[in-house]
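Asker: Can you keep this structure in mind? I'll have questions shortly.
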Amino acid sequence: MDNNRVYVFDTTLRDGEQVPGCQLTTVEKIEVAKKLEALGVDIIEAGFPISSPGDFQSVVEISKAITEPVICALTRANTKDIDAAAEALRFAKRGRIHTGIGSSDMHIKYKFNSTREEILERAVKAVAYARKFTDDVEFYAEDAGRADNEYLARMIEAVIAAGATTVNIPDTNGYCLPDQYGAKIKYLVDNVANIDKAIISVHCHNDLGLATANTIAGIQYGARQVECTINGIGERAGNTSLEEVAMILKTHHTLGYYTNINSKGIYEISNMVSSMMRMPVQPNKAIVGRNAFAHSSGIHQDGILKHRENYEILNPEDVGINSNSIILTARSGRHALKHHLERLGYKLDKINLDEVYERFLVMADSKKDVSDADLMQLMGDGDNKVYDDDKGIKVTLLQVVCGDPLRPMATVKLLVNGEEKEASAAGNGPVNATINAIHEIIKDDIDLDEFSIQAMHGGSEDVSKVNMRVKYNGQSYYGFGYSTDIVNASVNAYVDALNKIY
């Protein structure tokens, strides 16, 4: 085994799906599993077969659909669970049974009402029974983060002797500090006589915001499998984030560890999981958040435009994002303003940049951020007018009919470069119908890549803020809209993005 290779065990479809409201259909799970396979994940934990008929069937169908990764099924330490997992995995090209039991005195006493010796016996029996179905058995010592290290070492040595090929040391409650967790892994490496017969796996939760830090500490002290989820979703505060671990190891290559993750696929699968599970990614989320490569400070913008690595240790293209985003705010400097004006096609040798910058600051003080349309309005003042008010796209009419059992229909009139055009279309909802109608007019290959709605204050009469990201010719464009009417806000955001394209 390559001692520097770190295996990636993804549990988005098991631990990640345990989040309330994030349940997926079997078809959706297969779609995510195929993306995980393309990403280069080594093991996919497809579900907990005994928990429900739906979970059982999902493991069956994922096993049929996936070729390269190992397909793993979770069980508790009893024969019924293991029987169900073995049956669900019967079509897997390579199947793994993941069984285990609590290892901390807290769990032994208050969860199982048992003793250390009885729990140890149950652990060994479960592993030995699972080995009757497959040579690939992983054992999890639940709540290992709070377990006594000496007892934990006894348990791990016993289950390896019984046939476990991977031993999972979970910080189930996100309790450990990185030095404590790293020391725990080191203790097992130093005190389990047969530890060389198994791969040590780390499964950390984020209750104190330390999941990724603990995972990296575990790797540094001997773990060679990481258990994680896309976007860090999971029970309570979530699991270790796959994208964070992959990019930490890629960025700090001097550590000597690597994964087989194709990092350029990270952003795409992040958006897929967020959309399917209805779990928006927080804007400041590392690696995949909307603001992860956005810069609004004038000092930072100036530094980025001079040399990207001044303020970015990652290249956004390495995770599948086209470029960084220079956001214009009242804190932006002349360099950022010049960058956007050039991008919009203004000839700066005909412009007094200092004078424009002073007017820009007045505008920026009254707005949270300044859009392309705002800049074009700004540049329409005085003798430097290069933006014609008749250019661009404007909504002059929007009519939507929807309800049950009516199919949503929308009629839209647009003023496109001064010419009025009209179209109608149906959709699976009022917003979808409206966008379809706009497409009938625009007739261009534009993909809606991100769509989020946020109530500004709360209440049924609240103003809705809609953020959209669309893709056109491989580039991303953002649109923003506000209205007390969600459909109006959505149309405003979409047209805002279109105007940035055209």
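Asker: What translational D, rounded to a whole number of µm²/s, comes out for the stretch 204-260 from Stokes-Einstein when the hydrodynamic radius is the Kirkwood one over Cα pairs, at 25 °C and 0.890 mPa s? Spell out each step's value before the answer.
Answerer: Values: Rh = 11.3 Å.
The diffusion coefficient I find is 217 µm²/s.
Asker: To continue, here is another question. Among DSSP beta bridges whose residues both lie in the stretch 7-277, state the antiparallel percentage, nearest 5.
Answerer: Values: 1 of 34 bridges.
Given both bridge residues lie in the stretch 7-277, the antiparallel proportion sits at roughly 5 percent.
Asker: Now for a different question. Normalising by the residue count of the stretch 393-499, find the relative contact order in percent from Cα pairs under 8 Å and 6+ residues apart.
Answerer: It rounds to 18 percent for the stretch 393-499.
Asker: Taking the Cβ-Cβ separation of Lys64 and Asp2 as r and a Förster radius of 35 Å, what is the calculated FRET efficiency to the nearest 0.05? Write down the numbers at each step before the final one.
Answerer: Details: r = 30 Å, r/R0 = 0.85.
Computed FRET efficiency for Lys64 and Asp2: 0.70.
Asker: Could I ask something else about it? Starting from 0.36 nm per residue, how many nanometres of slack lie between Leu397 and Glu150 once their C-alpha separation is accounted for? Provide the component values of the computation, followed by the final result.
Answerer: Values: separation 247, 0.36 × 247 = 88.92 nm, distance 7.26 nm.
Roughly 81.7 nm would be gained on extension.
Asker: Also, I was wondering about something else. Ordered by residue, what ³J(HN,Hα) values in Hz, to whole numbers, does the stretch 41-49 give under the Karplus form 6.51 cos²θ - 1.76 cosθ + 1.60, where θ = phi - 60° and Gly and Pro are x?
Answerer: 5, 8, 10, 10, 7, 7, x, 10, x
Asker: In the neighborhood of Asp136, defined by Cβ-to-Cβ distances under 13 Å, what is the net charge if each Lys or Arg adds +1 and each Asp or Glu adds -1? Show your work: numbers first, answer last.
Answerer: Details: positive: Lys93, Arg94, Arg96, Arg131, Lys132; negative: Asp42, Glu45, Asp135, Glu138.
The answer is +1.
Asker: Whole-Hz ³J(HN,Hα) for each residue in the stretch 480-490, computed from phi via Karplus 6.51 cos²θ - 1.76 cosθ + 1.60 with θ = phi - 60°, x for glycine and proline: what do you get?
Answerer: Whole-Hz 3J(HN,Hα) from phi for the stretch 480-490: 9, x, 10, 5, 6, 9, 4, 5, 4, 4, 5.
Asker: At 1.4 Å probe size, with every protein chain present, just tell me what the per residue accessible area of the chain comes to in Å².
Answerer: Values: 23090 Å² over 502 residues.
The answer is 46 Å² per residue.
Asker: As an exercise, use a Förster radius of 30 Å and the Cβ-Cβ distance of Tyr187 and Asn262 to find the FRET efficiency, rounded to the nearest 0.05. Can you show the working numbers first?
Answerer: Numbers: r = 34 Å, r/R0 = 1.15.
With a Förster radius of 30 Å, E is 0.30.
Asker: To continue, here is another question. For Thr240, enumerate residues with amide H under 5 Å from its amide H, sequence gap 5+ or separate chain, H modeled in the peptide plane.
Answerer: Those lying under 5 Å, H to H, from Thr240 are Cys204, Thr229.
Asker: Now a separate question. For a test of the definition: using alpha carbon positions, the gyration tensor, and the 1.5 limit on a/c, classify the chain as rounded, prolate or oblate.
Answerer: Details: a/c = 2.83, a/b = 1.89, b/c = 1.50.
Taking the square roots of the gyration eigenvalues as a ≥ b ≥ c, the chain is prolate.
Asker: Give me the aspartates and glutamates in straight-line cross-link reach of Lys264: C-alpha distance below 12 Å, same-chain residues under 8 apart excluded.
Answerer: The qualifying aspartates and glutamates are Glu243, Glu317, Asp318.
Asker: Any idea what the relative contact order of the chain is, in percent, if you count C-alpha pairs under 8 Å spaced at least 6 apart? The partial results should precede the final answer.
Answerer: Working: 1020 pairs, mean separation 44.8, N = 502.
Result for the chain is 9 percent.
Asker: Taking a quarter of the surface of the Cα convex hull of the stretch 393-499, what do you get in nm²? Before the final figure, lay out each step's value.
Answerer: Numbers: hull surface 26.9 nm².
About 6.7 nm², averaged over all directions.
Asker: As a test of the formula, what do you get for the chain when each DSSP H run with n ≥ 4 contributes -39,500 (n - 2.57) and the sum is divided by the residue count, at 222 nm and rounded to the nearest 500 deg cm²/dmol?
Answerer: Values: 16 runs with 186 residues, N = 502.
Mean residue ellipticity at 222 nm (helix-derived): -11500 deg cm²/dmol.
Asker: When you take every Cα atom in the stretch 145-278, what is the radius of gyration, and what is Dmax, the widest Cα pair distance, in Å?
Answerer: Both quantities, over Cα of the stretch 145-278: 15.3, 46 Å.
Asker: Antiparallel DSSP bridges in the chain: what percent, to the nearest 5? Could you put the intermediate results ahead of the total?
Answerer: On the way: 34 of 70 bridges.
Expressed as a percentage, antiparallel bridges in the chain total about 50.
Asker: With angles folded into 0 to 90 degrees, how steeply does helix 266-276 sit against the dominant principal axis of the chain? Use alpha carbons for both and round to 10.
Answerer: Tilt relative to the chain: about 90 degrees.
Asker: I want the local charge near Lys111. Using Cβ-Cβ distances under 11 Å, sum +1 for each Lys or Arg and -1 for each Asp or Glu among the other residues. Spell out each step's value before the answer.
Answerer: Numbers: positive: Lys109; negative: Asp105, Glu142, Asp143.
Net local charge, Lys111 excluded: -2.
Asker: So, with a 1.4 angstrom probe, what is the percent of accessible area on the chain that is carbon and sulfur? Let's see the in-between values first.
Answerer: On the way: 11160 of 23090 Å².
Its accessible area is 48 percent carbon and sulfur atoms.
The values are calculated or read from the model by the stated rules, or taken from the named source; none is laboratory data. On a predicted model such as this, the values are computed, not experimentally measured, just so you know. Glycine gets a Cβ as well: all are built from the backbone with ideal geometry, and neighbour counts include every protein chain shown. These accessible areas exclude ligands, DNA and RNA; they are computed on the full protein's heavy atoms, side chains included. Shrake-Rupley method; radii C 1.70, N 1.55, O 1.52, S 1.80 Å.
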